[in-house]
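The values are calculated or read from the model by the stated rules, or taken from the named source; none is laboratory data. Keep in mind that what you see is a predicted model, and the values were worked out from it rather than measured. Neighbour counts are summed over all protein chains in view; Cβ atoms, including those assigned to glycine, are modelled from backbone coordinates with ideal geometry. These accessible areas exclude ligands, DNA and RNA; they are computed on the full protein's heavy atoms, side chains included. Shrake-Rupley method; radii C 1.70, N 1.55, O 1.52, S 1.80 Å.
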Amino acid sequence: MNLVLETIKNRRSIRRYLPQQIRDEELSLILEAGVWAPSAHNEQPWHFSVIQKEELIDMMSEKTIAMMKTSRLEWVRKMGEREGFHVFYNAPTVIVVSGKTGGEALLKPIADCSAAIQNILLAAESLGIGTCWIGFTGLFFVTATKEELQKLSIPEGYEPFYSIAVGYKSPDHLYSAPRRKQNTITYIR
């Protein structure tokens, strides 16, 4: 099978990580893949904040969980109330993906940033490194104080959209692929 297609089919959202930090060389390759994502009008509106400071990762997790516990959605509340739950699954690296806001030429930076995230996820998988795209941190981003957001080193004019947990997969990480939905393709010829 084609290596790219095999990587796409093998990628999983990993929720169990080893505690050791990934190597800088691997991290650079993963981030480079994000930078090479397609973007509307070649705007490249992304910024990646790489967080490896455990206290900051834990603070983001704790604040996100506090917001989850107040959600009107029962499944979100239950997840936030789970004993020992960590939003980033104790991954040693978190990448915050932010998009440029404002400007006349910018179209949908969230779509461009999502393409960059997919590149990051696939590059990490190709290196045997686990990732999980974390949407819940949006709760942190919208409620964080100015001081808390400053700790993420997001440049002015950028808005944080998502986070990615990154780390070496725990040996017991194995997940089988969920079934793919049927009837999702229509051909018009």
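Observations on the model:
- Residue check for ILE110: open to solvent by 30 Å² or more (accessible area, probe 1.4 Å), closer than 21 Å to PHE161 by Cβ, aliphatic (A, V, I, L, M) and modelled with pLDDT under 95: yes
- Of all residues in the stretch 60-76, those that are more than 13 Å from GLU148 (Cβ to Cβ) and not in a loop (DSSP other than H, G, I, E, B) total 5.
- Looking at SER170, SER176, just one residue is open to solvent by 60 Å² or more (accessible area, probe 1.4 Å) and small (Gly, Ala, Ser), and that residue is SER176.
- THR131 vs. criteria of a type outside the set (A, V, I, L, M, F, W, C), over 28 Å from LEU3 (Cα atoms), open to solvent by less than 20 Å² (accessible area, probe 1.4 Å) and in contact (Cβ under 8 Å) with a residue 12 or more places away in the chain: no
- Residue in the stretch 158-166 that is farther than 16 Å from ARG12 by Cα and among the hydrophobic types (A, V, I, L, M, F, W, C) present: yes
- Within the stretch 22-57, the set of residues being of a type in the set (D, E, K, R), without any contact (Cβ under 8 Å) to a residue 24 or more places away in the chain and in a helix (DSSP H, G or I) comprises ASP24, GLU25, GLU55.
- For the stretch 7-54, filtered to residues that are closer than 25 Å to PHE85 by Cα and of a type in the set (A, V, I, L, M), the residue that is surrounded by the fewest Cβ atoms within 10 Å (Cβ to Cβ) is VAL50.
- Single condition GLU81 does not satisfy, out of (1) open to solvent by 30 Å² or more (accessible area, probe 1.4 Å); (2) modelled with pLDDT under 95: (2)
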